[in-house]
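Here's the structure we're looking at; comments come further down.
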Amino acid sequence: MTRGIEGRVGRDGLFALQTESTEVVERVRVLGEVDLSVVDALDTEMRRAEATEAGRIELDLGRLEFLDASGVRFLLALTRRSQSNGRRLRIRPARAPQVRRVLELTGVGARLPLET
């Protein structure tokens with residue numbers, strides 16, 4: 001079941017989530033920008049996915065264009081939660097070079113369960 005795109009404008013641009021549920025995977029796609037103004041909405045959606053019986057939870061950052069420090073903290077917290085609840089989380093990496101660079105410079109990318 002796909003719930004479509006929920007859009008909202010963050011402080012500096014567009015933020016949207018697209019969720020898809022199957023018996024096997026809960027997929028959450030992030031579009032646009034993740035900053036302090038939207039990180040709570042993303043956390044709420046990920047907690048909803050974690051509460052399901054799905055064997056895998058996928059956070060798709062493929063269309064993420066911007067990530068600030070609050071987004072980096074969120075990804076680390078999400079990874080820690082996953083480690084304590086069955087390690088179901090997989091993160092599809094961002095394609096945007098600026099997001100990849102943030103994760104590289106902070107050293108966070110090596111700590112996340114990124115799909116290759």
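Structural remarks
- Near pairs, Cβ below 9 angstrom, 6+ apart or cross-chain, from segment 81-102 (over 16 Å from Gly32 (Cα atoms)) to any residue that is surrounded by fewer than 13 Cβ atoms within 10 Å (Cβ to Cβ) and among the small types (Gly, Ala, Ser): Gly86/Gly55; Arg88/Gly55
- Annotation for segment 24-35: no member residue is assigned to a helix (DSSP H, G or I), of a type in the set (Asp, Glu), modelled with pLDDT of 95 or more and under 14 Å from the mean Cα position of the chain (by Cα).
- Among the residues making up segment 72-116, those that are over 18 Å from Ala49 (Cα atoms), in a helix (DSSP H, G or I) and of a type in the set (Gly, Ala, Ser) are Gly109, Ala110.
- Test: Asp43 is loosely packed, with under 15 Cβ neighbours inside 10 Å and either under 10 Å from the mean Cα position of the chain (by Cα) or among the polar types (S, T, N, Q) (or both): yes
- Taking segment 49-71 as the range and being of a type outside the set (Asp, Glu), under 16 Å from Val38 (Cα atoms) and buried (at least 18 other Cβ atoms within 10 Å of the Cβ) as the test, the residues that pass are Leu59, Leu61, Leu64, Phe66, Leu67, Gly71.
- A residue that is among the small types (Gly, Ala, Ser) and crowded, with 17+ Cβ neighbours inside 10 Å occurs somewhere in segment 82-92.
The values are calculated or read from the model by the stated rules, or taken from the named source; none is laboratory data. On a predicted model such as this, the values are computed, not experimentally measured, just so you know. Cβ coordinates were reconstructed from backbone atoms using ideal geometry, including for glycine residues, and neighbour counts include every protein chain displayed.
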